[in-house]
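Rule-based calculations on the coordinates, nothing more; no lab input. Owing to the predicted nature of the structure, the values given are computational and were not obtained by experimental measurement. FYI the Cβ positions are ideal-geometry reconstructions off the backbone, even for glycines, and counts take in every protein chain you see.
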Amino acid sequence: MSASQSAVRSRAEAVQVSRTLDWMILFTLFTAVLGGYHIHYMLTGGDWDFWSDWKDRRLWVTVAPIVSITFPAAVQAMLWYRYRLPFGAIVCILALMLGEWINRYLNFWGWTYFPVNFCFPSNLIPGAILLDVVLMLSSSFVLTAVIGGMAWGLVFYPGNWPIIAPLHVPVEYNGMMFTLADLQGYHYVRTGTPEYIRMVEKGTLRTFGKDVAPVSAFFSAFVSIIIYFLWHYFGRWFNKTDFISGEGI
Amino acid sequence: MKTIKDKVAKLSFVALLMALTSAMFYTPTASAHGEKSQAAFMRMRTIHWFDLDWSKDEVAVNDTMTISGKFHVFAGWPETVDKPEVSFLNIGIPGPVFIRAGSWIGGQLVPRSVSLELGDTYEFKVLLKARRPGDWHVHTMMNVEGGGPIIGPGKWVTITGSMSEFVNPLTTLTGQTIDLEDYALDNVYFWHALWYSIGLAWLIFWIKRPMFIPRHIAVTSGKADTLISATDKKVAIGFAVGTLALLMYGMGSTNEKYPITTPLQAGLMRGIKPIEMPETSVAVKVEDATYRVPGRAMQMTLTITNNGDSAIRLGEFNTASVRFLDADVLEDESGYPDDLLAEEGLTVSDNSPIAPGESRTVEVTASDAAWEVYRLADLIYDPDSRFAGLLFFFDEDGNRQMVMVDAPLIPSFI
Ligand SMILES: [Cu+2]
């Protein structure tokens, strides 16, 4: 078969093949992102995402959006600029959260028996939808970084508060006050995670008094903007087409 | 075409493998049996656990047991390990097979990290509530920031019953009684399922139409603008507005349902009370100490001076949780783990009572397979070849005195 001969013989066949490729590419993208993003998120967000007693108003709110805007920015750079497909962020987040749920359910609960209400992942969906919508409507990665990145950081806490709030109800236990989340961390023994490793409620934002979550969210949003730019360029670089000279092949 | 298909199929398979691997990548530490692999000097020259008591060997699900005892924070703490200024009284079990219902040092509840002082001795207690049936090795454990876990002795405990019966009831400060084991779990699933479906809906809206090749052709031929229709934009705005509305609704309804919440509690606890140890009236000088590699025995020449008013005898040498006893003086009745107990492991050249005011130089040999089994012999390969341990002396009335020893150790290979 010569290279110039077409692989398909009719338009219907071409459409069918193209559709098959769509599914294969999407599946590959989904699973590859799931793998890479999940590892990235475990290494950078790690314990903040694993445990309810790390989901605080300062560091979790700051760290999680910053380290998670990475892959969505890169994948958006590919899907939008090459295909005008505005689902780069959501496909990443759906993949990540599926991987996380598999891990938490099978490993944390199924293998090690940590209750699921202690080791559920963070919710990143609202930010992903906004990020995709902003990119689609603006068709500008600068605007997406600024407005979308901002939204990404700001909606993280509200998107998770309904899930964690019940665990922030206080309880008196042996003469000390805990939140239920603190008590989960104390009761469900993590031999490898001593209490001092827990980085929560630390920082220099004390001057803002009680309302630290919004302040942390704003800070996180600003950094998310910068990280979006950075990873947007990673995404571009990663999916650029290089042509090499035919001579000497 | 076929080759491309094959390639993509191959790539998909690789990606799937990657995904599965990553999902399996992390499991929180399930095992706690690091005691033997821990450097010998870490076990000998940091925290000395003694007077340990595991209240039960067998416990039913929902029943409790305690591990209590004392630990001495060695004054000659090694330079290579951070001082125990930030320490956490942990428990070495394979995951939450028990829940830690309480832990105390010097009578103070210690759910968080504490500051310990070198040279002090503390009393501790850990209350455990059985959760998952099985045979578990239960260790005492102290985590030291910058030093890692310092694992104490472990003992096998059997949990009987069924985990499905386990409950963890608590009453909150807002007056609700809850079971922490599955509290708010439905809520977690509900919000995750709801948001995931919305995200999925957005994705499906786009993947229903032809994706990569036709759109790529359109983009490269300058027709990118035709790919997003006015309806698409309306739907997108709908999703964005819906997202914001749901966020606001979620915040509102949650704050209404849980008007009282507090931030996570954290912070170092200071001022932990040590035990007031009585002035010791026994003075011990280590003249020399050698470890005989082939004989698995440590030999010390000690000059013991009795400054008290009752005759004393040496009953026990305790190092790295291994207890060498002189059976004539002391018998263990606490059910101490067999593998760590050398009931007749201590030989004293002359262990007749040392009278008040008397000073005597004796040869003390501590020999047991435990030196090898627990890899304590490895300390001769340490950068600072020293040993340390606790000596327990008993007077005529059975009163006990604890003396710390810490001296260089010379290995002997013949
Ligand atoms: Cu063990």
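Structural remarks
- Ellipticity estimate at 222 nm from DSSP helix runs (n ≥ 4, -39,500 (n - 2.57)) divided over the protein assembly as shown, nearest 500: -12000 deg cm²/dmol
- Counting all C-alpha pairs of chain B, share separated by more than 39 Å (%): 42
- Within straight-line reach of B:Lys233, meaning a Cα separation under 17 Å, sit the following aspartates and glutamates at least 8 residues removed in sequence or on another chain: A:Asp132, B:Asp225.
- Separation between Cα centres of the stretch B:123-142 and the stretch B:47-115, rounded to whole Å: 9
- Peptide packing for A:27-34, B:400-407 was compared via the average number of neighbouring C-beta atoms within 10 Å per residue; ordered from the highest value, the list is A:27-34, B:400-407.
- Peptide A:30-42 has a mean of 5 when you count, residue by residue, the C-beta atoms of other protein chains within 10 Å of its C-beta.
- For the residue pairs B:Lys83/B:Lys125; B:Lys83/B:Lys155; B:Lys208/B:Lys257, the alpha carbons lie more than 30 Å apart in B:Lys208/B:Lys257.
- Rounded to the nearest whole Hz, the Karplus-based 3J(HN,Hα) values (6.51 cos²θ - 1.76 cosθ + 1.60, θ = phi - 60°) of the stretch A:119-127 follow the sequence 10, 6, x, 7, 8, 10, 5, x, x, with x at glycine and proline.
- Around the amide H of B:Val114, modelled in the peptide plane, lie the amide H atoms of B:Ser87, B:Phe88, B:Leu89, B:Met269, all under 5 Å away and 5 or more residues distant in sequence or on another chain.
- Whether the stretch B:282-412 is rounded, prolate or oblate, judged on the alpha carbon gyration tensor where a/c under 1.5 counts as rounded: oblate
- Average beta-carbon neighbours from other chains, 10 Å sphere, peptide B:167-179: 3
- Averaged over the residues of B:338-347, the number of partner chain Cβ atoms lying within 10 Å of the residue Cβ comes to 0.
- Student exercise, the protein assembly as shown dipole from Lys, Arg, Asp, Glu Cβ charges, in Debye to nearest 20: 5220
- Cα gyration tensor category, rounded, prolate or oblate, for the stretch A:17-238 with a/c compared to 1.5: oblate
- Each of the peptides A:13-24, B:271-282, B:85-96, A:35-46 was scored by the mean count of other Cβ atoms within 10 Å over its residues; in descending order, highest first, they stand as B:85-96, A:35-46, A:13-24, B:271-282.
- In summary, the lysines within cross-link reach of B:Lys10, defined as a Cα separation below 23 angstrom excluding same-chain residues under 8 places away, comprise A:Lys240, B:Lys2.
- Per-peptide average of other Cβ atoms within 10 Å, ordering B:215-227, A:116-128 highest first: A:116-128, B:215-227
- The trypsin sites (Lys or Arg not before Pro) of the stretch B:263-359 meeting both criteria, a DSSP state outside H, G, I, E and B (loop) and at most 16 other C-beta atoms within 10 angstrom of the site's C-beta, are B:Arg270.
- Restricting the calculation to Cα atoms, every distinct pair contributes to the Kirkwood radius of the protein assembly as shown, found to be 28.7 Å.
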